[in-house]
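Structure, as structure tokens:
The values are calculated or read from the model by the stated rules, or taken from the named source; none is laboratory data. Given the structure is predicted, the values throughout are model-derived calculations rather than measurements. Quick reminder, even Gly has a Cβ in these numbers, built from the backbone with ideal geometry, and neighbours come from all protein chains shown.
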Amino acid sequence: MNILIAPDSFKECLSASKVANSIADGINKINPNHNIEKIPISDGGEGSIEFLKKNCDGKVVKHETENAIGDKILSEYFKFRNSKKAWVELSQASGLSLVKKKKRNPGLTSTYGTGLSINHAIESGCSEIILSLGGSATNDAGAGIFQALGGMLLDKNNKQIVRGCESLHKIKEIKTPKYLNNIKFQIAYDVSNPLLGINGATRTYSVQKGATLDQIEKLEMNIFHFSQIIKKDLKIDITKVKGGGSAGGTAAGLFGLLGARLTNGFKLISEFVNLEEKVLLSDIIFTAEGKLDYQSLNGKVPIELGRLAKKHKKILVCLAGSIEPPYENFYRNGITAIFNIQNKPISLDESMKEADNQISDISSRVFSFFEKIQ
């Protein structure tokens with residue numbers, strides 16, 4: 001039997017590689033004689049650098065930058081060999097996992113550190129930047145990145161605004177450095193949400209980044225104001241761009257500020273490993289995600305993989321740490337069966353500590369069933 005294992009990471013818990021290994025361990029306990037191919041994958045967000053290390057020709061470049069609240073950190077990006085192209089993963093500098101829970105505040109956090117990473121790549125000779133989004137601690141629509149690259153977001157006194165979403169309402173004028181016209185930017189977005197509205201960046205994702213309910217409307221209005229200044233100064237409407245809500249609006253912001261081309265992250269990542277061909281050759285596919293809910297429908301790995309499985313009439317098993325109804329939405333998108341990894345009542349903290357064993361255990365039990373009906 002040909003078994004394809006292609007999970008995403010479990011945020012703040014296990015990398016995609018560790019999830020894939022746990023699934024494989026569970027299957028091998030039942031029968032070690034099957035042909036297993038592990039492709040830890042990403043929707044373009046967290047885990048994309050890890051994916052590129054294993055599947056692409058190039059090197060990781062380590063450098064100093066800062067996290068979303070300005071603390072100095074060491075980070076890395078991927079530089080493709082024999083190319084002037086670099087892949088920067090936003091979560092490496094501006095990720096939620098890099099900020100302690102008590103310090104999370106999407107009104108104050110900034111993508112500035114990611115901008116420093118991009119600048120490092122440009123100064124090393126890169127003229128094409130792929131920025132993968134996902135797992136951000138921010139809601140600044142990429143304003144921090146723009147500032148780190150020398151962009152000016154000026155207030156009524158012709159001074160640079162303070163970083164963070166809370167200051168975006170002060171912007172009166174945008175000035176773009178000329179050198180950026182020579183750099184190609186491509187955004188690998190991880191969700192299909194627009195910038196604004198009930199399904200937009202702020203109302204959908206800011207609470208998990210630390211926003212209070214009272215803060216949400218203010219953040220939404222600040223992002224709206226920013227979009228209107230971009231429309232006035234740069235003649236670009238960023239409010240209706242598919243995927244614009246990714247990473248706190250970073251996709252939409254950079255679409256307007258830098259002329260970035262937006263691409264579905266899963267599609268871009270999957271092309272590196274000919275994933276559709278591997279789906280076609282498989283007998284059963286295992287995927288996994290930390291939380292399977294309505295947000296997953298906006299372009300997360302299980303759903304995108306489900307669509308490929310549906311296209312080629314393949315069995316797709318999805319494992320998750322948490323599952324929220326309505327389940328028919330997941331089945332409709334090609335997932336054959338969904339299983340929670342817990343095998344007993346357990347707290348979230350305990351489940352995260354035991355996630356690798358739980359994934360291995362459920363994989364054994366699920367595979368044992370599917371092997372018998374093949």
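Some observations on this one:
- Residue list for region 134-156, restricted to those being part of a loop (DSSP other than H, G, I, E, B) and not small (Gly, Ala, Ser): THR138, ASN139, ASP140, LEU149, ASP155, LYS156
- Looking across region 157-208, the residues that are free of Cβ contacts under 8 Å to residues at least 24 places away in the same chain and of a type in the set (Val, Ile, Thr) come down to ILE161, VAL162, ILE198, VAL207.
- The criterion of being buried (at least 20 other Cβ atoms within 10 Å of the Cβ), within 19 Å of ALA6 (Cα to Cα) and out of contact with any helix residue (DSSP H, G or I) (no Cβ under 7 Å at 6 or more places or on another chain) holds for SER282.
- Scan of region 25-48 for residues that are over 18 Å from the mean Cα position of the chain (by Cα) and touching a residue at least 24 places away in the same chain (Cβ under 8 Å), ordered by number: ASP25, GLY26, ILE27, LYS29, ILE30, ASN31, HIS34, ASN35, ILE36, GLU37, LYS38
- Cβ separations smaller than 7 Å between residues 6+ apart or across chains give the following pairs from region 293-305 residues that are touching a residue at least 40 places away in the same chain (Cβ under 8 Å) to residues that are of a type in the set (Phe, Trp, Tyr) and buried (at least 16 other Cβ atoms within 10 Å of the Cβ): GLY299/PHE266; VAL301/PHE266; GLU304/PHE266.
- Condition met for ASN105 (part of a loop (DSSP other than H, G, I, E, B), on the phi < 0 side of the Ramachandran plot, of a type outside the set (A, V, I, L, M) and under 16 Å from the mean Cα position of the chain (by Cα)): no
- Test: residue in region 349-368 that is within 26 Å of the chain's Cα centre (by Cα), of a type outside the set (Phe, Trp, Tyr), over 19 Å from ILE36 (Cα atoms) and not in a helix (DSSP H, G or I): yes
- ILE341 meets all of the listed conditions (1) of a type in the set (A, V, I, L, M, F, W, C); (2) surrounded by 20 or more Cβ atoms within 10 Å (Cβ to Cβ); (3) within 30 Å of GLY244 (Cα to Cα) but one, namely (3).
- The residues in region 236-292 that are free of Cβ contacts under 8 Å to residues at least 40 places away in the same chain, under 27 Å from LYS18 (Cβ atoms) and among the acidic types (Asp, Glu) can be counted, and the count is 3.
- Test set (1) surrounded by 15 or more Cβ atoms within 10 Å (Cβ to Cβ); (2) over 18 Å from LYS300 (Cα atoms); (3) not aromatic (Phe, Trp, Tyr) - THR212 fails condition number: (1)
- Residue ID - nearest to SER227 (Cα to Cα), chosen from residues in region 157-175 that are in contact with a Leu (Cβ under 9 Å, 6 or more places away or on another chain) and in a helix (DSSP H, G or I): LEU168
- The set of residues in region 9-22 that are out of contact with any Ser or Thr (no Cβ under 6 Å at 6 or more places or on another chain), closer than 16 Å to GLY95 by Cα and not in a strand (DSSP E or B) comprises LYS11, CYS13.
- Residues satisfying the stated conditions in region 70-102, i.e. under 19 Å from the mean Cα position of the chain (by Cα) and of a type in the set (A, V, I, L, M): ALA86, VAL88, LEU90, ALA93, LEU96, LEU98, VAL99
- In region 82-91 there is at least one residue that is assigned to a helix (DSSP H, G or I), touching a strand residue (DSSP E or B) at 6+ places or on another chain (Cβ under 7 Å) and more than 24 Å from ASN181 (Cα to Cα).
- Screening region 192-227 for residues that are hydroxyl-bearing (Ser, Thr, Tyr) and part of a helix (DSSP H, G or I) and picking the one that is nearest to ASN139 (Cα to Cα) gives THR202.
- Qualifying residue in region 23-45 (condition: in a helix (DSSP H, G or I), charged (D, E, K, R) and in the same structural domain as CYS318 (by TED's automatic domain parsing)): yes
- Hey, LEU131 part of a strand (DSSP E or B) and in contact (Cβ under 8 Å) with a residue 60 or more places away in the chain or not: yes
- Filter pass, ASN343 being under 24 Å from the mean Cα position of the chain (by Cα), at pLDDT below 95 and over 19 Å from LYS18 (Cα atoms): no
- The number of residues in region 234-254 that are in contact with a helix residue (DSSP H, G or I) (Cβ under 9 Å, 6 or more places away or on another chain) and closer than 17 Å to LEU153 by Cα comes to 8.
- Count - residues of region 181-230 that are among the aromatic types (Phe, Trp, Tyr) and under 16 Å from the mean Cα position of the chain (by Cα): 2
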